[in-house]
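Quick note: the coordinates plus some simple rules give every number you see, no bench work behind them. Quantities reported herein were computed from a predicted structural model and do not represent experimental measurements. Cβ coordinates were reconstructed from backbone atoms using ideal geometry, including for glycine residues, and neighbour counts include every protein chain displayed.
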Amino acid sequence: MPLDLKALVRTIPDYPKKGILFRDITTLIEHPEGFKESIERIAQEFRGQGITHVAGIEARGFIFGAGVAIALGVGFLPIRKKGKLPGETIGQNYALEYGVDTIEIHADVIDSRHKVLLVDDLIATGGTAIAAVGLLRRTGATIEKAAFVIDLPDLGGAAKLEAEGVDVMSLIAFEGH
């Protein structure tokens, strides 16, 4: 019988600010069977689809993305905050609630021969994920699939990614924000 992964995610009210219900995946990754099953469920969805790399968004996307890459037997591509990667990088700006941030990847890792799966722990408004898709597409790589452990559908991020031509799968959905 499959584990109830949703039950392994702790909800912390009023974090990081009043009115927010923070979905804490640390309780899921601290549970050995839950962590393993979440990785395997994502990997199973994408086996046999020609994925050459898994891209994980800093920081919690590294946790799940690296596991999925190992399970699929493909390379892992870290998408980092600006200034964190050595060597030549390419970057993509994206809007925050108050300002702009930048994510980067190494410039010489992927190109038009590659098919990339984007993985992160959670999709909310979709801003970072959409920026990551844009960044990956600038390399010429194919990016048509994204996977998240948690979707907050009321915030619309998955729908925005779908509008960008990216199929989105998630393991768990939580109503609200």
*Calculate for the chain the 222 nm mean residue ellipticity that helices alone would give, adding -39,500 (n - 2.57) per DSSP H run of length 4 or more and normalising by residue count, nearest 500 deg cm²/dmol.*
-8500 deg cm²/dmol
*Packing-based exposure ordering (other Cβ within 10 Å, fewest first) of F174, F64*: F174, F64
*List, largest first, the extents of the alpha carbons of the chain along their principal axes, each in whole Å.*
41, 40, 31
_Just to be sure I follow the rule: in the chain, considering lysines 8 or more places apart or on different chains, how many pairs have Cα atoms under 22 Å apart?_
7
_Between region 1-58 and region 134-167, what is the separation of their alpha carbon centroids in Å?_
17 Å
*Can you tell me which of 3-15, 23-35 comes out highest on packing, and rank the rest after it, using the mean Cβ neighbours within 10 Å?*
23-35, 3-15
*Could you give me the ³J(HN,Hα) list for region 75-92, computed from phi with Karplus coefficients 6.51, -1.76, 1.60 and θ = phi - 60°, whole Hz, x at Gly and Pro?*
x, 10, 10, x, 9, 10, 5, 3, x, 9, 9, x, x, 6, 10, 10, x, 9
*Additional length obtainable on full extension of the chain from D111 to K82, 0.36 nm per residue less Cα span*: 8.4 nm
*If we count other beta carbons within 10 Å of each Cβ, what is the order of I57, I20, fewest first?*
I20, I57
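Working out 0.36 nm times the residue gap between D167 and T27, then minus their Cα-Cα distance, what length gain in nm do you get to one decimal?
Stretched fully, the D167-T27 segment lengthens by 47.7 nm.
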